[in-house]
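Right, one structure below, let's go through it.
The values are calculated or read from the model by the stated rules, or taken from the named source; none is laboratory data. All figures in this text were calculated on a predicted structure; none of them were measured in a lab. Here the Cβ is made from the backbone with ideal geometry for all residues, glycine too, and neighbour counts use every protein chain on show.
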Ligand SMILES: [Zn+2]
């Protein structure tokens, strides 16, 4: 009887030990990311900050002879970002094609990315407070930034300068504030060195990857697509690891937006949009307390 009891007790301990080993294997298979919350990341993309995309005429306008190649180059940079995010345990990745005439080539996009293509009302379409962070890929500097390759603010053909509450602002600042409105921090940007420096002015501890050095409006010193991808992947991994340390960049309302156009016709047209008033032949102003109502 005693022998039987011993056998039962030994087998019970063995079962307990085996199930513990089993549990520990399951836990070691979890992603390395320490938080138990699943991360959801929004990627805003543009074409003019991509390595190898250097002129408006040939690369970023839809009529350019290298336009299709430019889209492939951006898509490769997005894929490098997606790879980095996945390696850090990110579970959901949404990409917005933010280039007016389209910048993403869907044929080459990473299978784990979901991409918004088409025409949308503006801003970071479908971004809301359910996202954990904003990432910006392919960004250029604001218009008139010295040496900024393809530097412009929203419209390279018509807009000269934009001010928000008296301070010059470009697409980067405008989109960072849009995300901040939903309490979503911006954690990473890739583009030329001028665009990287521009975002560091407002978010000093942000991670960036300069994939080209701006040498002028239509000229840059570029990394190879492979090297650019490596740099983006490394930078984005660093960014996700310090996501909890990222602060929101905010500007308090009321908002006063002044746009200075390159020609009076554009100013005249803008003055006909709801809420916009003309200040002089080239400038229009828009005042609001609601950041999301700004149409740049
Ligand atoms: Zn842009």
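Residues are listed down the side, and each one gets a yes or a no for (1) in contact with a strand residue (DSSP E or B) (Cβ under 9 Å, 6 or more places away or on another chain); (2) without any contact (Cβ under 8 Å) to a residue 24 or more places away in the chain:
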{"position": "48", "(1), (2)": "yes, no"}
{"position": "53", "(1), (2)": "yes, no"}
{"position": "57", "(1), (2)": "no, no"}
{"position": "62", "(1), (2)": "no, no"}
{"position": "69", "(1), (2)": "no, yes"}
{"position": "74", "(1), (2)": "yes, no"}
{"position": "79", "(1), (2)": "yes, no"}
{"position": "91", "(1), (2)": "yes, no"}
{"position": "99", "(1), (2)": "yes, no"}
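On the given criteria, is residue 259 surrounded by 15 or more Cβ atoms within 10 Å (Cβ to Cβ), farther than 29 Å from residue 78 by Cβ and modelled with pLDDT of 95 or more? Walk me through how you get there before you give the answer.
On the way: surrounded by 15 or more Cβ atoms within 10 Å (Cβ to Cβ): yes; farther than 29 Å from residue 78 by Cβ: yes; modelled with pLDDT of 95 or more: yes.
Judged against the criteria, residue 259 is a match.
Do you know which residues across the stretch 203-217 are surrounded by 23 or more Cβ atoms within 10 Å (Cβ to Cβ) and either within 16 Å of the ligand (Cβ to nearest atom) or in a helix (DSSP H, G or I) (or both)?
Residues satisfying the conditions are 211, 212, 214.
What number of residues within the stretch 135-172 are within 15 Å of the ligand (Cβ to nearest atom), closer than 21 Å to residue 81 by Cα and not in a loop (DSSP other than H, G, I, E, B)?
Here the count works out to 6.
Just checking, does the stretch 227-236 include any residue being in contact (Cβ under 8 Å) with a residue 60 or more places away in the chain and assigned to a loop (DSSP other than H, G, I, E, B)?
no
Taking the options 217, 223, name whichever one is in the same structural domain as residue 57 (by TED's automatic domain parsing), within 17 Å of residue 154 (Cα to Cα) and touching a residue at least 60 places away in the same chain (Cβ under 8 Å). So that I can check it myself, show each step before the final result.
Details: 223 fails: within 17 Å of residue 154 (Cα to Cα).
Result: 217 is the single residue among 217, 223 that is in the same structural domain as residue 57 (by TED's automatic domain parsing), within 17 Å of residue 154 (Cα to Cα) and touching a residue at least 60 places away in the same chain (Cβ under 8 Å).
Suppose we filter 61, 66, 42 for residues that are away from the ligand (no atom under 16 Å from the Cβ), at pLDDT 95 or above and closer than 14 Å to residue 150 by Cβ; which single one remains?
Working: 61 fails: away from the ligand (no atom under 16 Å from the Cβ); 42 fails: closer than 14 Å to residue 150 by Cβ.
Testing whether each residue is away from the ligand (no atom under 16 Å from the Cβ), at pLDDT 95 or above and closer than 14 Å to residue 150 by Cβ leaves just 66.
Which of the residues spanning the stretch 178-202 are part of a helix (DSSP H, G or I), touching a residue at least 12 places away in the same chain (Cβ under 8 Å) and touching a strand residue (DSSP E or B) at 6+ places or on another chain (Cβ under 8 Å)?
179, 180, 193, 194, 195, 196, 199 - these are the residues of the stretch 178-202 that are part of a helix (DSSP H, G or I), touching a residue at least 12 places away in the same chain (Cβ under 8 Å) and touching a strand residue (DSSP E or B) at 6+ places or on another chain (Cβ under 8 Å).
Just need a number here: residues in the stretch 124-174 that are at positive phi and either free of Cβ contacts under 8 Å to residues at least 40 places away in the same chain or surrounded by fewer than 21 Cβ atoms within 10 Å (Cβ to Cβ) (or both).
Result for the stretch 124-174: 6.
Mind checking which residues of the stretch 74-121 are part of a strand (DSSP E or B), closer than 24 Å to residue 238 by Cβ and within 16 Å of the ligand (Cβ to nearest atom)?
95, 96
May I ask you to list the residues in the stretch 238-291 that are under 20 Å from residue 199 (Cα atoms) and part of a loop (DSSP other than H, G, I, E, B)?
242, 246, 247, 248, 249, 250, 251, 252, listed by residue number.
Considering (1) within 11 Å of the ligand (Cβ to nearest atom); (2) in contact with a strand residue (DSSP E or B) (Cβ under 6 Å, 6 or more places away or on another chain), say which one residue 127 fails and leave the rest.
All conditions pass for residue 127, except number (1).
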